[in-house]
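A quick write-up on the structure given underneath.
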Amino acid sequence: MSFLLSWVIAYNYLFFLRKKKEIRRPFIVYAGLCAIFCSLLYYFDIQYSLRVKFMQSYWNNAFIDISSLYNFMKSFTNGLQNLMVRWFLEEKIAKSIANVFMPFALFAICRSLWSSLKAHKGKVLDINALCGILIAELFFLGVMRMYPFTGSRVTLFIAPFIFYMIVKGIYLTERIKLIFYSLLSFYILFLSGISYSLLMFYLDFYKR
């Protein structure tokens, strides 16, 4: 998953090339290393996984299906839901409750991406831009069937970003006090319940 972020430094270099000629050499070196790294990763990891039979069935449901509008919407929404709520807890009731916070996270992601790029004049300098860019990259690669849009390691990698965006999305309702405090209290109770459930699960697991 780290390769999705490796290009950001080279991209930011582009904004300084005209003004600072001395950074051209490190830019070329870094961009070249990124290209080599991503090429090797794609050939030896991703392409290998696509060739292995048992991985083919696993990855097949993780891409975005563009064979029809129905399949596209189904695969996209299911994948987006996995990215947003799957990492909380695998239980169905936990996922259903977590879905309440999904719109707030999506709104925060879109708003933060736009405001961050605008504030930094197109440069990617903070988590507010990174989260939206990561999801956009996963979407593109998922459509091209080059990397899964969703999946266990993808979900875990992006979980801290989503957690931050859920909290930020809740705080965007701060002007409406009743909604804000209700959502915040509900989220704290939800996280407390998830934490307790996981604690009991692992205590029981280690007793076996």
Just to be sure I understand: with springs between alpha-carbon atoms less than 10 Å apart, which residue in Leu80, Leu183, Leu14 has the highest mean-square fluctuation in the Gaussian network model of the chain? Leu14
Using all Cα-Cα distances in region 57-143, what percent lands in each 5 angstrom bin from 0 up to the longest? 3, 13, 18, 20, 19, 15, 8, 3, 0
How tilted is helix 177-207 with respect to the longest principal axis of the chain? Cα atoms for both, answer in degrees (0 to 90, nearest 10). 90
Is region 98-204 best put as rounded, prolate or oblate by its Cα gyration tensor, with a ≥ b ≥ c the root eigenvalues, rounded for a/c under 1.5, and otherwise prolate when a/b is larger than b/c, oblate when not? oblate
Let a ≥ b ≥ c be the square roots of the eigenvalues of the Cα gyration tensor of the chain; is it rounded (a/c under 1.5), or, if not, prolate (a/b larger than b/c) or oblate? oblate
Hey, which of these cross-link pairs are over 27 Å Cα-Cα: Lys74/Lys123; Lys74/Lys118; Lys92/Lys207; Lys20/Lys118? Lys74/Lys123; Lys74/Lys118
Mean separation of Cα contacts under 8 Å (at least 6 apart) over the residue count of the chain, i.e. the relative contact order in percent, is 22
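Just so you know, all these numbers are worked out from the coordinates, no wet-lab data involved. Quick caveat, the model's predicted, so the values are computed rather than measured.
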